[in-house]
1. Which order do the peptides 162-175, 69-82, 34-47 come out in when sorted by mean C-beta neighbours inside 10 angstrom, highest first?
2. Give me the percent relative contact order of the stretch 29-124, please, defined on Cα pairs under 8 angstrom at least 6 residues apart.
3. For a footprinting-style exposure proxy, rank L143, L111 by other Cβ within 10 Å, fewest first.
4. To the nearest 20 debye, what is the magnitude of the charge dipole of the stretch 29-124 about its Cα centre, counting +1 on the Cβ of each Lys and Arg and -1 on the Cβ of each Asp and Glu?
Amino acid sequence: MSLGKSRTSRRKARPAAPSGTRKIKPVDLPEALRRAERFRRYYVEGEPDACWGWTGGTCGRDGRGVFSLGPTGLHTAPRVAWAIANRTDPGPLFVLHSCDNARCVNPAHLLTGSAWDNMDDMIRKGRDRKASPRGESAPNVKLTESDVREIRRAFAAREATQEALAARFGVCSRQVWMITSRRSWAHLDQEPPRPR
Ligand SMILES: [Zn+2]
C-alpha cells in the first residue's frame, strides 16, 4: 500500500486550533461509564477488526452517531465509545476514525487527534463543503417542515429548552439552535403555510 505518503511538505508550526472548528465538550467519564450498558444497546459488537455500526440517534450531514450523557447533553457516539473503552476523557482531543466510517464505534478503529488532524481528515474526506442544501432536501436530515415549525413554536412559547427539543426530535442541540435562531430553515418563514 502506498497510501498515506501524499503529504509532501509538513507544516512547520502548528498555530492554535483553526477558527470556526467545533468546540469540544469534555466527556463526563463517570456518567459515560454509568451509561455504558445502555450505550452498548445501540451497536452490535462484530469481529474485532470489523466496523461496529451505530444504530442509535444521528446528527448532521455525515450521519454521525450521537448519545446523550444526561446533564451534559449529546456527545458523538465514537467519542463516548473511545472514552468508555479507554476509561479516559479525550479532553481537548478529537476522536477520529481510522476506517473512514462515521458510524463506526469499534474502539479499535478510533484514535485521538488535534483539531488540525480533524481538519486534514475532513478535507481528505471532502466534508468541508461550505454550501449545504436547504431543508428537507439536505441529506441525512431527519426533520420535516412540520417538525421545524413545532420546534420554533415550542421554543418561542418557552415550553421546552433547546436541549429538551434536541432530545425529543433526536437531533443535536446545535441543530435546534440553528432552527430557533433562523440560521437554518430560514426559508420556512417566507413561505405561506401549505394548504391541507
Ligand atoms: Zn470502523
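What follows is calculated from the coordinates using simple rules that are stated; it is not laboratory data. This structure is a prediction, so every number in the text was calculated from the model and none was measured. All Cβ positions, glycine included, derive from the backbone under ideal geometry; neighbour counts span all protein chains shown.
1. Details: 162-175: 19.4, 69-82: 21.5, 34-47: 13.4.
Taking the mean over residues of other Cβ atoms within 10 Å, the ranking is 69-82, 162-175, 34-47.
2. On the way: 142 pairs, mean separation 25.8, N = 96.
Result for the stretch 29-124 is 27 percent.
3. Details: L143 20, L111 14.
The order, fewest Cβ neighbours first, is L111, L143.
4. That gives a dipole near 420 debye.
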